[in-house]
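K.L.:
Starting off with a structure, shown below.
The values are calculated or read from the model by the stated rules, or taken from the named source; none is laboratory data. Remember, it's a predicted structure, so these values are computed and weren't measured experimentally. Neighbour counts are summed over all protein chains in view; Cβ atoms, including those assigned to glycine, are modelled from backbone coordinates with ideal geometry.
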Amino acid sequence: MIIRMAKVEIVGPKQDLLATLDLLHNRGIFQPDPQLLERVELARDDRLNTLVLNEHELHERSYFQGLYERVSILLELLPEATDAISPLQSLPVMDLVDELVDQHLAKVSDQDRILTEYRKEVEDLQRDLAFWQALEPLLADLPQDSNLELLGITIRDTRQLQALEELLQQRTGGRCHISSTTTTDGVLIGLVATDRRIAGDLRQALTDERIPEMSLPAELANLTLAERIAALHERLKTATANCRKIETQLLELSRRWRPVYRRALVWLEERLTLYRATATAYTTRLCFIIQGWMEQSEVPALQIDISQAFAGRVVLEQLAILEEDLDQVPVMLRNPGYFAPFEILSRLLPLPKYSSYDPTPLLGLFFPVFFGMILGDIGYGLILLIISVFLAKRFAPQQMASDIGKVLGVASLYTIFFGFLYGELFGNMGETWLGLHAFWFDRSKDILPMAVFALTVGVVHILLGITLGALADLRRHQPRKALLKLAMLIVVLLSLLAVVSWLYPQSWLNTGPLLIGVAILMPVMIAAEGLLAPLELLKTMGNIISYVRIMAIGFSSVLLAVVANRLGGMSGSIMVGILVATMLHAFNLLLGVFAPTVHALRLHYVEFFSKFLDLGGRRFEPWHKRPS
Amino acid sequence: MEKVWIAFAAALAIGLPAIATAWAQSRIGAAGAGTLAEKPELTGVIIILVAIPETMVILGFVVAAMILLM
């Protein structure tokens with residue numbers, strides 16, 4: 001249901017504004033609405049103005065903002081050593097934090113820069129090592145010649161290697177040799193051996209083709225391959241050790257100071273939120289005024305809190321909600337036990353307006369019934385019941401999965417109930433094996449009675465929707481619209497009775513007077529609502545006919561189950577038959593969960609709710625402290 | 001011969017709306033997939049939107065059933 005809201009005004013001396021905002025922030029039950037104050041009129045010399053902070057407050061705000069930014073940067077740089085937040089009182093340690101944060105920031109930034117350099121060096125060395133280690137076997141195949149120049153290259157793919165081979169043979173007149181291999185991390189690399197005298201041309205050709213040559217620091221360039229690999233190992237060891245050392249130092253610092261800085265950050269955030277909140281307050285020469293919304297039931301408690309905290313200087317008063325406020329009232333939905341899980345279905349829609357209805361209880365009442373009417377099978381219902389109990393119990397801490405389990409549980413109970421009425425247990429298996437008979441309709445045969453039943457459900461549902469719409473209009477003080485809806489309801493009823501009397505003539509039901517009633521009401525409706533009135537009537541009729549899907553989808557579900565049983569029986573082997581039937585029933589059950597859910601929801605969202613629900617409400621979002 | 005015509009009429013009654021539904025669902029489905037890429041929270045609404053054109057094929061089914069049964 002939609003929780004009753006109160007429009008409240010808080011008034012007090014200007015100097016108590018920040019403390020009042022702090023109290024409201026701590027209680028977390030008040031949503032300010034500065035737009036409400038635009039309509040307030042005061043005496044000429046006592047006009048409302050938006051709040052302008054004084055010099056001291058502005059200085060304090062910019063000091064806290066600067067500190068907040070520095071602490072945020074420091075926390076980003078510090079590694080996540082602990083999630084703890086220090087229980088320290090924040091305000092007394094703020095001066096200390098201000099003093100230390102610059103020292104720590106300088107130290108951590110410096111260490112972070114050095115660490116980045118070391119990490120890059122480790123990465124480069126690892127790549128170099130992989131490269132030269134992979135080339136080692138290729139080098140062994142080459143002749144030992146002092147005139148030989150060796151170039152290590154990285155190649156994109158085998159196609160590039162082929163093109164490169166052709167190009168280099170062409171440029172060097174066949175005086176070079178390329179061999180290739182793959183490194184441990186899957187990179188294709190090559191070793192080009194050529195005459196030292198034409199190595200310059202070769203390098204130019206590689207540059208032209210944008211093929212990177214693996215370069216080494218100058219001090220390693222003249223070493224033999226074995227010495228080169230050993231030197232790279234040594235360097236990698238040193239760089240890794242340096243990384244570890246700095247990481248340990250940063251972790252130690254983080255373990256000691258992160259909780260303190262996190263506490264300071266939370267406090268600073270709250271303080272800055274308060275300053276930002278002052279934008280929602282208006283002031284006169286001496287007072288501040290805040291207007292906003294809160295839950296009606298919380299008003300007395302907050303009145304007492306404010307009165308006690310400020311010794312009567314600040315006052316909270318409840319104001320009347322005016323008609324022009326109705327679209328602005330924030331909406332909060334809260335439903336008792338049985339209905340609460342059905343909020344997962346109503347949340348798929350935008351919020352209703354304050355003057356409208358919460359669709360959740362209606363979904364809670366009708367959705368499982370429609371689901372049961374469509375699926376209607378004892379066997380499927382029992383399986384769904386087991387699944388729903390599992391979901392509700394196994395995922396109890398996860399609200400959504402648990403809610404889905406509960407909704408499915410109620411829907412499965414109705415599925416079992418309608419399964420008894422239709423005499424279905426895995427299609428016709430109950431009839432064949434257990435002699436189960438339909439108490440009401442045999443859906444596989446009684447197509448027309450089932451269609452009439454589905455349409456009757458549609459008539460009741462739609463007429464209920466129109467009645468609720470008329471009541472909502474009355475609540476919004478729009479009697480003309482309410483009367484039109486009632487006229488529509490009567491026209492729909494008369495039209496339907498006329499159709500019934502034509503199809504199934506009864507001595508007490510004459511088509512003529514019913515049509516005369518429609519003929520009298522239609523011009524009235526056209527006069528009141530224009531040419532849209534007949535269209536609306538047609539739309540309503542279409543909405544009612546749409547309920548025939550309850551029969552149609554149910555019928556297809558029964559036939560699929562019967563086909564599953566027949567195919568299972570036709571296989572000739574018990575095991576194969578059971579397997580085939582199980583697979584087809586599993587498929588049917590999957591469809592049986594999806595199709596009734598989607599169509600039962602559609603009947604609500606499109607057909608039923610369009611008759612009375614006014615969507616587009618604002619969510620109630622009270623100020624509250626961020627959980628730390 | 002009459003039976004053939006009745007069966008043909010029933011097939012048309014469900015076949016044509018089925019094609020129309022498939023076409024409508026393909027358009028809505030494609031638009032819905034695009035929407036979900038940007039706003040995954042609209043999954044429920046998109047599923048409902050995709051199901052809306054099914055009314056056509058359901059009504060076609062009812063008409064076909066009535067042609068065969070009446």
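K.L.:
Quick check: is even one residue across the stretch B:26-34 in contact (Cβ under 8 Å) with a residue 12 or more places away in the chain, in a helix (DSSP H, G or I) and within 25 Å of A:Ile544 (Cβ to Cβ)?
P.N.:
For the stretch B:26-34, residues in contact (Cβ under 8 Å) with a residue 12 or more places away in the chain, in a helix (DSSP H, G or I) and within 25 Å of A:Ile544 (Cβ to Cβ): present.
K.L.:
So, in the stretch A:556-570, of the ones that are surrounded by 14 or more Cβ atoms within 10 Å (Cβ to Cβ) and of a type in the set (A, V, I, L, M, F, W, C), which residue ends up farthest from the other protein chains (Cβ to nearest Cβ)?
P.N.:
My answer is A:Leu567.
K.L.:
Continuing with this model, one more query. Looking at (1) of a type in the set (Val, Ile, Thr); (2) more than 23 Å from A:Pro350 (Cβ to Cβ); (3) within 11 Å of another protein chain (Cβ to nearest Cβ), which one does B:Thr43 not meet, given that it meets all the others?
P.N.:
So B:Thr43 meets the others, but not (2).
K.L.:
Further question: Name the residue, out of A:Ile344, A:Ile387, that is β-branched (Val, Ile, Thr), in a helix (DSSP H, G or I) and within 14 Å of chain B (Cβ to nearest Cβ).
P.N.:
Unique residue meeting the criteria: A:Ile344.
K.L.:
Next question. Inside the stretch A:564-590, can you point out the residues that are touching a helix residue (DSSP H, G or I) at 6+ places or on another chain (Cβ under 7 Å) and not small (Gly, Ala, Ser)?
P.N.:
A:Asn565, A:Leu567, A:Ile578, A:Val580, A:Leu584, A:His585, A:Asn588, A:Leu589
K.L.:
Does any residue of the stretch B:37-47 turn out to be surrounded by fewer than 18 Cβ atoms within 10 Å (Cβ to Cβ), touching a residue at least 12 places away in the same chain (Cβ under 8 Å), of a type outside the set (A, V, I, L, M) and within 24 Å of A:Thr597 (Cβ to Cβ)?
P.N.:
There is no residue in the stretch B:37-47 that is surrounded by fewer than 18 Cβ atoms within 10 Å (Cβ to Cβ), touching a residue at least 12 places away in the same chain (Cβ under 8 Å), of a type outside the set (A, V, I, L, M) and within 24 Å of A:Thr597 (Cβ to Cβ).
K.L.:
Something else: Quick one: in the stretch A:571-628, which of the residues that are within 14 Å of chain B (Cβ to nearest Cβ) and among the small types (Gly, Ala, Ser) is surrounded by the most Cβ atoms within 10 Å (Cβ to Cβ)?
P.N.:
From the stretch A:571-628, those within 14 Å of chain B (Cβ to nearest Cβ) are A:591, A:593-610, A:615, A:619; that's our starting set.
Still in the list and also among the small types (Gly, Ala, Ser): A:595, A:600, A:610.
Numbers: A:Ala595: 20, A:Ala600: 26, A:Ser610: 16.
Selected residue: A:Ala600.
K.L.:
Quick one: is B:Val63 within 13 Å of chain A (Cβ to nearest Cβ) and either farther than 18 Å from A:Ile553 by Cα or loosely packed, with under 14 Cβ neighbours inside 10 Å (or both)?
P.N.:
Answer is no for this residue.
K.L.:
Residues being out of contact with any Phe, Trp or Tyr (no Cβ under 9 Å at 6 or more places or on another chain), outside any loop (DSSP other than H, G, I, E, B) and either of a type outside the set (S, T, N, Q) or modelled with pLDDT of 90 or more (or both): count how many of those fall in the stretch A:610-625.
P.N.:
So the answer is 2.
K.L.:
Then there is this: Can you give me the number of residues within the stretch A:372-384 that are away from chain B (no Cβ under 14 Å) and crowded, with 23+ Cβ neighbours inside 10 Å?
P.N.:
Residues flagged as away from chain B (no Cβ under 14 Å) and crowded, with 23+ Cβ neighbours inside 10 Å within the stretch A:372-384 amount to 8.
K.L.:
Take the stretch A:347-367 and flag every residue that is in a helix (DSSP H, G or I), more than 14 Å from chain B (Cβ to nearest Cβ) and of a type outside the set (S, T, N, Q).
P.N.:
A:Pro361, A:Leu362, A:Gly364, A:Leu365, A:Phe366
K.L.:
Among the residues that make up the stretch A:282-296, is at least one of them outside the structural domain of A:Pro361 (by TED's automatic domain parsing), among the acidic types (Asp, Glu) and surrounded by fewer than 17 Cβ atoms within 10 Å (Cβ to Cβ)?
P.N.:
The answer is no, given that none of the residues of the stretch A:282-296 is outside the structural domain of A:Pro361 (by TED's automatic domain parsing), among the acidic types (Asp, Glu) and surrounded by fewer than 17 Cβ atoms within 10 Å (Cβ to Cβ).
K.L.:
Please note which helices (runs of 4 or more DSSP H) are completely contained in the stretch A:445-555 and include at least 1 residues that are within 14 Å of another protein chain (Cβ to nearest Cβ). First the steps, then the outcome.
P.N.:
On the way: elements: A:447-475, A:479-503, A:511-529, A:532-545.
So the answer is A:447-475, A:479-503, A:532-545.
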